Amino acid sequence: MNREIRFAQILVIGPEGEQLGIMSPDEGRDYANERGLDLVEVAPDSRPPVCRVMDYGKYKYELSKKAKPQKTAKLKTIKLRPKTDGHDLKTKLNQARKFLGEGDRVRFVMRLRGREAAYKDRWCTLLRNELEVLLDAATISLMPQAEGRAVVAQMDPK
């Protein structure tokens, strides 16, 4: 970069990607300084070596952004019971909305105990009605259905 370039002749590429031609490193540095940019060596193995006029700090920042791993969607589980109180249910739905806003998928599991398991259709309907509140932030990917002694549903973010 700048003064560290030790070649007699270099091929200079402008800030917009246009070729400025073969010149000495001093001429390239002068051209870059006039525009408030840096002269950066991008292909030292080619003949003549290729240098580009760019903002080096911005270039390093872009490289670090590309190197950072991207967030993958996780599956969050929210557990319910058929007799969960209205306020507690609202709290759990708000938590689900937060997860969906972060890009995560949400799985709802309603555990059934004793005689509750005899009325699975009732609990499927109840869960479907409660999930309609979240339809502005998500889509239902798995409609509420009975799985063993539980009713399960899943929502994906929009």
For this session: Please specify each residue of region 7-24 satisfying the condition of being in a strand (DSSP E or B) and exposed (fewer than 14 other Cβ atoms within 10 Å of the Cβ).
Result: Gln19, Gly21, Ile22
Seminar exercise, completed: Sole miss for Leu131 among (1) in contact with a strand residue (DSSP E or B) (Cβ under 9 Å, 6 or more places away or on another chain); (2) without any contact (Cβ under 8 Å) to a residue 40 or more places away in the chain; (3) in the same structural domain as Glu18 (by TED's automatic domain parsing) is condition (3)
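Is it the case, given these coordinates, that Ala32 is of a type in the set (Gly, Ala, Ser) and in contact with a helix residue (DSSP H, G or I) (Cβ under 8 Å, 6 or more places away or on another chain)? Give the steps one after another, and end with the answer.
Values: of a type in the set (Gly, Ala, Ser): yes; in contact with a helix residue (DSSP H, G or I) (Cβ under 8 Å, 6 or more places away or on another chain): yes.
Yes; evaluated as a whole, the condition is true for this residue.
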For this session: For region 53-62, state whether one or more residues are assigned to a loop (DSSP other than H, G, I, E, B), free of Cβ contacts under 8 Å to residues at least 60 places away in the same chain and over 30 Å from Ala150 (Cβ atoms).
Result: yes
Exercise. Among the residues of region 33-54, which ones are within 35 Å of the chain's Cα centre (by Cα), closer than 17 Å to Arg3 by Cβ, surrounded by 14 or more Cβ atoms within 10 Å (Cβ to Cβ) and of a type outside the set (Asp, Glu)?
Worked result: Leu37, Leu39, Val40, Cys51, Arg52, Val53, Met54
Exercise. How about region 138-156: which of its residues are surrounded by 16 or more Cβ atoms within 10 Å (Cβ to Cβ) and under 21 Å from Thr72 (Cβ atoms)?
Worked result: Ala138, Gln154, Met155, Asp156
Problem set entry | In region 118-134, the residues that are more than 16 Å from Ile78 (Cβ to Cβ) and either of a type in the set (Asp, Glu) or at pLDDT below 90 (or both) | Tyr119, Asp121
Seminar exercise, completed: Filtering region 94-125 for residues that are surrounded by 18 or more Cβ atoms within 10 Å (Cβ to Cβ), more than 23 Å from the chain's Cα centre (by Cα) and of a type in the set (A, V, I, L, M) leaves a count of 2
For this session: Considering every residue within region 32-39, establish whether at least one is out of contact with any strand residue (DSSP E or B) (no Cβ under 6 Å at 6 or more places or on another chain), in a strand (DSSP E or B) and outside the structural domain of Ala138 (by TED's automatic domain parsing).
Result: yes
Seminar exercise, completed: For region 136-145 the number of residues that are more than 9 Å from Met155 (Cα to Cα) and either within 29 Å of the chain's Cα centre (by Cα) or modelled with pLDDT under 90 (or both) is 3
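The values are calculated or read from the model by the stated rules, or taken from the named source; none is laboratory data. Not measured: the values here are computed from a predicted model. Note: ideal-geometry Cβ built from the backbone for every residue, glycine included; neighbour counts use all protein chains shown.
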